[in-house]
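The values are calculated or read from the model by the stated rules, or taken from the named source; none is laboratory data. In this text, all values refer to a predicted model and were calculated from it rather than measured experimentally. Here the Cβ positions follow ideal geometry from the backbone for every residue, glycine too, while neighbour counts run over all protein chains shown. The protein model used for the area step is the full one, side chains on, heavy atoms only, and it has no ligands, DNA or RNA in it. Shrake-Rupley method; radii C 1.70, N 1.55, O 1.52, S 1.80 Å.
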Amino acid sequence: MPKDHGIGASTKRREDVRFLTGDGHYTDDINLHGQAYVHFLRSDVAHGRLVSVETEEAAKMPGVLRIFTGKDFEAVGSIPCGWLITSRDGQPMQEPPHPVLAQGKVRHVGDPIAAVVAETYEQARDAAEAIMVEIEDLPAVIDMKQALAEGATKVHDDLKDNLCYDWGFVEENREAVDKAIKEAHHVTTLELRNQRLVANPMEPRVAVGDYARHNDESTLYTTSQNPHVIRLLMGAFVLGIPEHKLRVAAPDVGGGFGSKIFHYAEEAFCTFAAKQLRRPVKWTSSRAEAFISDAQGRDHVTKIELALDKDNNFTALRTETYANMGAYLSTFSTSVPTWLHGTLMAGNYKTPLIYVNVKAVFTNTVPVDAYRGAGRPEATYQLERVIDKAARELGVDPLALRRQNFVTEFPYATPVAVEYDTGDYNATLDKLEEIADLKGFEARRKESEAKGKLRGLGVNCYIEACGIAPSNLVGQLGARAGLYESATVRVNATGGLVVMTGSHSHGQGHETTFPQVIADMIGIDANMVEIEHGDTANTPMGMGTYGSRSIAVGGSAMVRAAEKVIAKAKKIAAHMMEASEGDIELKDGQFTVAGTDKSLAWGDVTLAAYVPHNYPLEELEPGLEETAFYDPSNFTYPAGAYACEVEVDPETGKVTVERFAAADDFGNVINPMIVEGQVHGGIAQGVGQALLESCVYDETGQLLTGTYMDYAMPRAGDLPSYVVDHSCRTPCTHNPLGVKGCGEAGAIASPPTVVNAVIDALQSGGHKVDHIDMPVSPARVWQAMQ
Amino acid sequence: MYAFEFERPGSLDAAVKALQEEDAQALGGGQTLIPTLKQRLAMPSKLVSLKGIAELQGIAQEGDVLKVGGGSTHGAVARETKGIFAGLSLMASKIGDPAVRNRGTMGGSLANNDPAACYPAALMATRGTVVTNTREIAAEEYFQGLFTTALEEGEIITSIRFPLPEKSNYQKFEQPASRFPLVGVFVAKYGDRVGVGVTGASEDGVFAWKEAEEALAGNFAPEAVDDLWVSAEGMMSDLHGTAEYRAHLVKVMTKRAVAAAE
């Protein structure tokens, strides 16, 4: 087994050849014969009653095929929400309809009012400008607390108020937590905001709908992280197309970060219109449109209280969070502030009593849903910020305070419903101290001071639950889907393999890592294995890629299918070598009979499977292809420790990240280079949130940060060279590869690390600043110093 | 974008003539105009590209004046003024990214007069001159507020003349998203005077900070402005910084520019 191919090898990404040479095949590269183009006329006000939409004149303009409005979708289903949350009072969440095109009201800037389909995109856009829309303005509901005030304008007239749900977790702990906090030796309180973000994948969303009259089959090509989920949601709930008449394909996808999980109105529109018009219909989002139509992330306002006893042991934790849902419930929006957030509030610590309250609120803003980390960054940020503040208030070392309260025995059942299978938090923190050279910090601080800069050190520990998720558990928690994964391993006659996986790669490198696993199991060159994904026509029902689940769940399904293949191949080999099945071994691509010199090559056996002349046909079917569905028995719990050193310019408030180190425990690692890349990208997004990014609406609901002129994205020059380590490994105990997810860790762990560092820097300069909300911009830092 | 005609004249005269058509619009490097067109925020009948006009090209020292052709790209300015006019070279080298610097032109930037553009600070500090196809306009007359200049309809900037300073520097404090200056200060030191041009800060666009100019004329050192104070009144205030913050930064950036002047 060449070591540059199997598990543990930093194999170069094979998909990069096409991505870097312009040969990627993205949805926008799909152009079908007779294709028409759609332009969506979107609301430019945040909240209003649709009085009239006059399309008559516009419909006569050159090239226009048809103009659709909400009326055309009255008989069509509502875009569904995939997770039911139950409020503290036992009532189900309030779940308003979400029409494909606005009906009766517009509820956010960007809400689609009409769709013009024309021969060319410019013609569609010209005609959209000729549509006469009359809107009676209504007061915009923007601030979450005002949205819940008595008499507030309702975003959805048919709901009783703007509260989607009021969730308590664990409700039975509420009184005990209140009591513990009341009687605590010390309580540290922090109020903070985890600001709204725009996902901004490099590739904007695209949808191409097609319809074949000859077999009555609809096809949707779309920029999705999970084509089967889109097929299920759109087919069963919105358009009423059975799955055998609907194909959804997501070819190369240029980044998602969560924003391409969800089923969007534009997908349903293109599929619907293609059938109506008997023409393929294509939509390509502009960047400006992405800012007002892609689901956004985060937007939590939280008060957190941490209680400690006289020996600085954590005794209780209580949080109250307002979570912005936006104007409609996006696919997984309701699960993010609840199960993906509340279950993580224990962090790495053995706090015995925890109570989390979340109020989800409708506002006249773009819907909010999962964004890299989804709920777990929000949990980690609160917890690690309040611990840092507690350490300062108590005058103790923040690392020592953390260590003292670490969970050290596994498995560990938290008071918030999850069981950590394995971990070693002291090991990653020890590793961090080494790789971040924390001993050298004071000397570096002095060097910075000599230059007139304030230097700060921020440290952060994190744990996250990923590898989503045990279906029976999430079903009990309200999920309207299973969260298994699937794989078909097809062995061809000459020994090459194709793995058809339900996971979807949109930057993660599956085409490289998945073959490394198969190569290792069989002992062949990884280049003999091809990965297919992203098309419901040729992959088994899969749930797609998000929640750092691909290798942990999708990889496990592939291993199970490959195990079945190998078991069958051994039977064939046993027959061919006239040996007992139990004596057959497979190593380095050779089948051998234990204790003899008999052997057969992998290719000899695969050929026999398809040319079954010498074959046990009475006991075994020909062919070599197996499918497996894998449903994880638990989440995986990657954990680690991060450190960041910043310099603050006291004259301007500008923060520069000088050093950044990450020690992660991802269990076993398939491709270290790709894992490092995932951590690098996650840190960039985390630092981006901490210092730069923020999606801001004014009080009328207009987006103030609708372009890159005002929405600050991190750039290479804003980031230092990271030191990344994943040598601390406690393999996952319940999946066959012993792997944990790695895709979200960087984005989860880095925001509090950076903010802790900035606060430390300001404190070192004598500024009594306890907290600055993200993004910690120069203006905010300067203001805090005044 | 809406449909438009496109013309690429080879001479200044031809360009002037082309621009006489109603709703014709001059196109320099297109770094502002093209995005505006793409958003359908402008609907010119004709774009007149100035790229093919030899008279607008060329950067040359003429005695104690630097003459920059209106069509000079930021990249060309950065390269060709190095060693002649350090502050201007530095400024041009930090506008946008390489793609922007290879397309955007000084004439285009000054004609647009974005309140957060860099060049206006240099032109104001040096009290330079904008030369057009019809006349010469002094910096203080040229800038007339946000996106407003003394240029008449169809008037084309042919060159910009900067009196060469002994020492100069530009300090840009970047707005985090656009990386335009939130506040940019250009300092130019001459034998008998000092110019301080401030961009990005004021609601009226670029301005000369005259108190600082006077103080620095007597003592060209950062401490010279220690006792001065910039009023927040009339400063811009937005997501990225309050008026008070911008006013504060004017002083900080001025001191840094003086300290770094070469």
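General observations
- Contour excess over end-to-end distance, with Cα ends at A:Asp44 and A:Thr494 and 0.36 nm allotted per residue: 156.0 nm
- Distance between modelled label sites at A:Phe410 and A:His767, nm, 7 Å Cα→Cβ extension: 3.9 nm
- Per residue, in Å², the accessible surface of region B:167-260 once ligands and nucleic acids are set aside, probe 1.4 Å: 38 Å²
- Where labels lie 7 Å past Cα in the beta-carbon direction, separation of A:Glu243 and A:Glu434 in nm: 4.8 nm
- Here each label is just a point 7 Å from Cα along the line to Cβ, and for B:Asp227 and A:Thr656 those points are 3.3 nm apart.
- Computed over protein heavy atoms with a 1.4 angstrom probe, the accessible surface ordering of A:Glu217, A:Glu95, A:Glu693, largest first, is A:Glu95, A:Glu217, A:Glu693.
- Histogram of C-alpha separations across region A:668-760, 5 Å bin width, %: 3, 12, 17, 19, 15, 13, 9, 6, 4, 2, 0
- For B:Arg127, net neighbour charge (Lys/Arg +1, Asp/Glu -1) across residues whose Cβ lies under 11 Å away: -1
- Potential lengthening between A:Glu618 and A:Asp16 on full extension [0.36 nm per residue; Cα-Cα distance subtracted]: 212.1 nm
- Just so you know, the Cα atoms of the protein assembly as shown work out to an Rg and Dmax of 31.6, 106 Å.
- Under the convention that each Lys and Arg Cβ holds +1 and each Asp and Glu Cβ holds -1, the size of the dipole of the protein assembly as shown around its Cα centre is about 660 debye.
- With q set to 0.14 Å⁻¹, the log10 of I(q)/I(0) for chain B, from the Debye formula over equal scatterers at the Cα positions, is -0.92.
- 3J(HN,Hα) couplings calculated from phi for region B:132-142 with the Karplus curve 6.51 cos²θ - 1.76 cosθ + 1.60 (θ = phi - 60°) are, in sequence order, 10, 5, 10, 6, 10, 10, 6, 3, 5, 8, 5 Hz; Gly and Pro show x.
- In a reduced charge model with +1 at each Lys and Arg Cβ and -1 at each Asp and Glu Cβ, region B:5-49 shows a dipole moment near 240 debye about its Cα centre.
- Backbone N under 16 Å from the B:Phe220 label point (7 Å along Cα→Cβ), restricted to region B:57-75: B:64-65
- All distinct Cα pairs of region B:5-49 go into the 1/r average, and the inverse of that average, the Kirkwood radius, is 10.7 Å.
- Residues in region A:152-163 carry Karplus couplings, in order, of 5, 4, 8, 5, 10, 4, 7, 8, 7, 6, 8, 8 Hz; the curve used is 6.51 cos²θ - 1.76 cosθ + 1.60 with θ = phi - 60°, and Gly or Pro positions show x.
- Solvent exposure, largest accessible area first (probe 1.4 Å, DNA, RNA and ligands not counted), of A:Tyr121, B:Tyr142: A:Tyr121, B:Tyr142
- Calculated from backbone phi, Karplus (6.51, -1.76, 1.60) coupling profile of region A:743-759 in Hz, x at Gly/Pro: x, 10, 3, x, 6, 7, 8, 7, x, x, 4, 5, 5, 4, 5, 5, 4
- Principal axes of region A:239-358: Cα extent on each, largest first, Å: 73, 34, 26
- Positive minus negative residues near B:Ser168 (Lys, Arg vs Asp, Glu; Cβ under 12 Å): 0
- With all protein chains kept in place, the per residue accessible area of chain A amounts to 35 square angstrom at a probe of 1.4 angstrom.
- Accessible surface buried once A binds B (1.4 Å probe; total of both sides; Å²): 1900 Å²
- Where only DSSP H runs of four or more residues are counted, chain A gives -7500 deg cm²/dmol as its mean residue ellipticity at 222 nm, each run worth -39500 (n - 2.57).
- 10 Å Cβ neighbours from other chains, averaged over peptide A:710-722: 2
- Accessible area of A:Cys164 (1.4 Å probe, protein heavy atoms only, ligands and nucleic acids ignored): about 0 Å².
- If the chain linking A:Glu171 and A:Lys587 were pulled fully straight, counting 0.36 nm for each residue of separation and taking away their Cα-Cα distance, it would gain 144.4 nm.
- Within 10 Å of the Cβ of each residue in B:169-179, the mean number of Cβ atoms contributed by other protein chains is 5.
- Virtual paramagnetic centre 7 Å along Cα→Cβ of A:Met132, amide N under 12 Å, in region A:36-51: none
- Of the DSSP H helices in chain B, those whose Cα atoms cover at least 18 Å axially and whose Kyte score averages 0.0 or more: B:243-260
- For region A:682-699, a decrease in accessible area of 10 Å² or greater in the assembled protein chains relative to the isolated chain, with a 1.4 Å probe, applies to A:Leu692, A:Val696.
- Solvent-accessible area of B:Arg179, all protein chains in place: 40 Å² (probe radius 1.4 Å, heavy atoms, ligands and nucleic acids excluded).
- Placing unit charges on the Cβ atoms only, positive for Lys and Arg and negative for Asp and Glu, gives region A:516-596 a dipole magnitude near 300 debye about its Cα centre.
- Rounded percent of accessible protein surface that carbon and sulfur make up, the protein assembly as shown, 1.4 Å probe: 49 percent
- Relative contact order of chain A: 16 percent, from C-alpha pairs under 8 Å at least 6 residues apart in sequence.
- Computed over region B:190-232, relative contact order equals 32 percent, with contacts defined as Cα pairs under 8 Å that lie 6+ residues apart.
- Its Cα gyration tensor gives region A:333-464 an equivalent ellipsoid, and the semi-axes of that ellipsoid, as √(5λ) in whole Å with the largest first, are 30, 21, 13.
- Alpha-carbon Debye profile of region B:167-260, log10 I(q)/I(0) at 0.13, 0.25 Å⁻¹: -0.38, -1.28
- Sites A:Glu578 and A:Ala537, calculated FRET efficiency, Cβ-Cβ separation with R0 30 Å, nearest 0.05: 0.10
- Shielded residues, region A:638-656 - accessible-area loss of 50 Å² or more between chain alone and all protein chains, probe 1.4 Å: A:Glu651, A:Thr652
- Positions from region A:737-786 whose accessible area shrinks by 20 Å² or more when the full protein complex is built, not the chain alone, probe 1.4 Å: A:Pro778, A:Ala779, A:Trp782
- With R₀ fixed at 45 Å, the C-beta to C-beta distance from A:Asp29 to A:Arg444 puts the FRET efficiency at about 0.40.
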